[in-house]
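A quick write-up on the structure given underneath.
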Amino acid sequence: MHRIAILVLMIFVLHSSADFAAAQSRAGMIEKYGPVPEAILEPAESGESGGSFYSLYLDILESLGMARISRNNRPQACHTSQKVLKHAIDGYNADVKTEIEIYKRNVEPINSFERTDDMSAQRLLVAARFLKSPVLLADEHCKFLSYGDLYTDGVVYCELHGTLPKIRDELCAISGYTPKAWRERRNSIMLVLGIMLALLLALLAYRKATGSGIGNPSL
C-alpha cells in the first residue's frame, strides 16, 4: 500500500511541476500567433484514458509492472506521422535558409499550411527528397494543420488527434488551460490519496490500540 501511495503522489507532483517549465519553452507564441487552436488543447481523440477510477487503477498497475494495458494506437500513430512531417519540413527550411542567406536566391520556405495545404507541402517535400512518400494517415479523418511559423517555432498538429503530448503540455501551460482528462485524473488522484491516507491512519490507530493492549491483560 505504501508503494502505491507514493507512486500516486509522485504522478500528481510530476503533473503539477511540469507546467512552469513547459510554459517557459513556448512563451510568446500566443502574442505572436494568437490563441492556441482548440484541436491542440482538447483533441477529439487524444488516446488518454481519462480520469475514471478504473482507468487510474489500470495506470497504477501498469506503472508497477503488474499489467500491460492496451491503448488506442491511432493518436500515437498520427503523432509519429507528425514527427516525420515536421522533421522533413525542418530539413527543407534549413536548406532554404542556406539558399537565401548564402546564395541570395529567392526561395519560399514552408511557413504554414494556410496558404499551402499539407498535401501540397508534402508533394514539395517528396520532390525535394525530404520525404520518400506522403506520410501515412492514422485515420481517414486526419487533417494536418499548423500553428505558428513552421520556419521558426511553429508546430504541426492534426484536426482530430491534436499534437505531440510534450508540445501539447507546453501550449496548454502558456494558455493556462487544463484539459478535461487532466482535471478528471487529478480529481481521482486526490480522492485516491485521501482514501489511502484514511486507511493508513486507521491501520496505525488499530496497531496502536492492539499494541497498547499487550501486557495489560484484563483482570
- Query: Taking 0.36 nm per residue of separation and subtracting the Cα-Cα distance, what length does fully extending Lys180 through Val84 add?
  - Reply: 31.7 nm
- Going by a ≥ b ≥ c, the root eigenvalues of the Cα gyration tensor, does segment 107-152 fall in the rounded group (a/c under 1.5), the prolate group (a/b larger than b/c) or the oblate group? oblate
- Net length gained if the chain between Asp149 and Leu197 were fully extended (0.36 nm per residue, minus Cα distance): 12.4 nm
- Task: Output the peptides 87-95, 143-151 sorted from most to least packed, where packing is the average of other Cβ atoms within 10 Å over each peptide's residues.
- Result: 143-151, 87-95
- Message: For Cys158, Cys142, which order do you get if you count the other beta carbons within 10 Å of each Cβ and list the fewest first?
- Response: Cys142, Cys158
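Taken together, the values in this text are just the output of simple stated rules run on the coordinates, not laboratory data. Given the structure is predicted, the values throughout are model-derived calculations rather than measurements. Reconstructed Cβ throughout: ideal geometry from the backbone, glycine too, with neighbour counts over all protein chains shown.
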